[in-house]
1. Residues of the stretch 486-502 being surrounded by 17 or more Cβ atoms within 10 Å (Cβ to Cβ) and of a type in the set (S, T, N, Q), which ones?
2. Is it true that residue 423 is part of a loop (DSSP other than H, G, I, E, B), touching a strand residue (DSSP E or B) at 6+ places or on another chain (Cβ under 8 Å) and β-branched (Val, Ile, Thr)?
3. Only one residue in 78, 73, 49, 111 is modelled with pLDDT under 90 and over 30 Å from residue 170 (Cβ atoms). Which one?
4. (1) in contact (Cβ under 8 Å) with a residue 40 or more places away in the chain; (2) over 24 Å from residue 344 (Cβ atoms); (3) in contact with a Phe, Trp or Tyr (Cβ under 8 Å, 6 or more places away or on another chain); (4) in a helix (DSSP H, G or I): which one isn't true of residue 454, the others all being true?
5. Would you check if there is a residue in the stretch 160-169 being exposed (fewer than 13 other Cβ atoms within 10 Å of the Cβ), modelled with pLDDT under 80 and over 32 Å from the mean Cα position of the chain (by Cα)?
6. Quick test of your reading of the structure: residue 506 fulfils all but one of (1) within 20 Å of residue 439 (Cα to Cα); (2) at pLDDT 90 or above; (3) open to solvent by less than 50 Å² (accessible area, probe 1.4 Å). Name the failing condition by number.
7. Can you confirm whether residue 202 is closer than 30 Å to residue 313 by Cβ, buried (at least 17 other Cβ atoms within 10 Å of the Cβ), of a type in the set (A, V, I, L, M, F, W, C) and free of Cβ contacts under 8 Å to residues at least 60 places away in the same chain?
8. Kindly indicate the residue of the stretch 509-536 that is surrounded by fewer than 22 Cβ atoms within 10 Å (Cβ to Cβ) and in contact with a Leu (Cβ under 6 Å, 6 or more places away or on another chain) and also modelled with the highest pLDDT among those meeting that condition.
Amino acid sequence: MLYTKWNIINNFALKNTILMGLTFLSGLCYNILTILIPISIGKFYELSFGFSSHRLAAFKFIPFMDAPDFNSFLVFFFSLVVLRLLFEYLNRYGIGVVGERFSKTLREQLFIKQLQISMNVYDSKGIGKYLLRYSGDLKSIQNYVKNGMIRFFQDVVLLCIVVVAIGYFDTYLGVIIAGCIITSSVILWGINKALYKASLEIRNKRSGMLSFVNIRLRGIIALKAFNKYKPEEKRYQKRSNDLYDVGKRYAKIVALLQAIIPAITYSMLGVIMLYVFSSTQGIQKTMQGSSLLILILLIISILPVLRRSLRVSIVWKLGDISFSKLIDVFCLPRENKLPFEQIVLNQEEIVFKNVCFEYPNTTKRVFKNFGLSISPKSTTLFQGTSGSGKSTFIRLLLKLISPTNGHIAFGDYQCHELSEKTIRKNIAVVSKDFPLYGRNVYEAIVYNRKEKNRESAGQILQYMQQFENKEDTLHLDSKIGDMACNLTSGQQKMLMYCRALLTKKPILILEEPLKELNIKTQQLLFQLLENIEHQKTLILLDDHEVHGFNIDKVHYL
């Protein structure tokens, strides 16, 4: 799918045709009633002073516009006010719902896309870079749709109707107002070009600041332990100063834009007053009576609309920037481009053949012409020191990363021909590199949080905690904190085993399988794995020998 701003908007509009149609219809009714109110006041002028206008007579086709007496006029006038109130409420509520629904749609699409982004993107760019999309960018896009499209379109329609109505009463005045609007738009177009550049720069700086703070706070314990307050303060101050300088340039342009818009509208009003004054003077007055009153009221009614329309450029520029950033995320390399296949790999031999891998921006090769085979339903130990490639091996097997050369296969199935979801449907992992998340224990260890799964989750949790201190016993509803920060390393490891075993996947990867577990819990684990070792392929990774498992083969990394 080609992601562009208008493709995204068009797809949303097609799926929400009724809502969009009703919103535009209510806006049209609201605009028409806004025009009818000042025109109806011309009828009040006729009734009060006994004058008549041949131009006003053209509106007699509207029910009750040709009211015979003042009481009938009042009924008509207040009916217009009530109807305008109703349609304005419906229109504003509709615009609000459209904005919220569009934001909801994009928010959900963005999260889905971010879950599917390839790990090498996150490895190179980090996570914090993408957090702003959920706050500032989505808000700017929502404003773009609400105020920059729907409300602006309605304002343009209203201005066109008013200019036509004014032209009907006085052709020259209608031409003057149309000319003033066009001239104003040209002036603002030039300012908007500078505004776009400043807006893009300030958004990038703010995004970088958020990423910087996110990384420092996530590593706060290391920052404190090494007393790195001052260096980080200086780095932050430098970024803050850069943002301040950019902010001043942005504020200068916005201030000019916001100051020039009232000046333009007041200047236009001055030109109009000059024309109206000249039209009401002299022997041949071209404008008088109810027509003059209607024109004044129409001009007054469009001034706030005109000012809002002239300011919409700020909304457009911020929206365009946010759309471009969002589309950049949508276009990042993603996983699961291949179709998911319901394949069970418990009978397949795992083969690495001439596998080479090196991380981007490094010269060190983790694997060079690496080869091995793992028999199905066997127990294999990979032994190697830190940095030997144990974590990389896990990531390759899960297709979190792909080899730069060589290939990986599961029997006759080539890894590059299978989707990531298909492979991971067969592999469970116990490793500190795959942390726990969720509000409580139950959410952290189950795949599906339906109530029917609580019984099996409770059973394995109880089994694994038989020899834990009572005061440290966890329950399914126990809070675990952000990324399980409330738990000890032993509790985390125990819950990782619960999570992996509950999936019932045929391939089980255990990194440092016994570390952080007490002796009695290790014995429980041996008993549990002994019962299933002939049903699963067990892959162990550790720095040294692992005792207690029936190991069929050892590979040294």
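The values are calculated or read from the model by the stated rules, or taken from the named source; none is laboratory data. Everything quoted here is computed from the prediction, not taken from an experiment. Every residue, glycine among them, receives a Cβ derived from its backbone with ideal geometry; neighbour counts consider all protein chains shown. Please note that ligands, DNA and RNA were not included when accessible areas were found on the heavy atoms of the full protein model with its side chains. Shrake-Rupley method; radii C 1.70, N 1.55, O 1.52, S 1.80 Å.
1. 491, 492 - these are the residues of the stretch 486-502 that are surrounded by 17 or more Cβ atoms within 10 Å (Cβ to Cβ) and of a type in the set (S, T, N, Q).
2. no
3. On inspection, the qualifying residue turns out to be 111.
4. Condition not satisfied by residue 454: (1).
5. For the stretch 160-169, residues exposed (fewer than 13 other Cβ atoms within 10 Å of the Cβ), modelled with pLDDT under 80 and over 32 Å from the mean Cα position of the chain (by Cα): absent.
6. (1)
7. yes
8. 511
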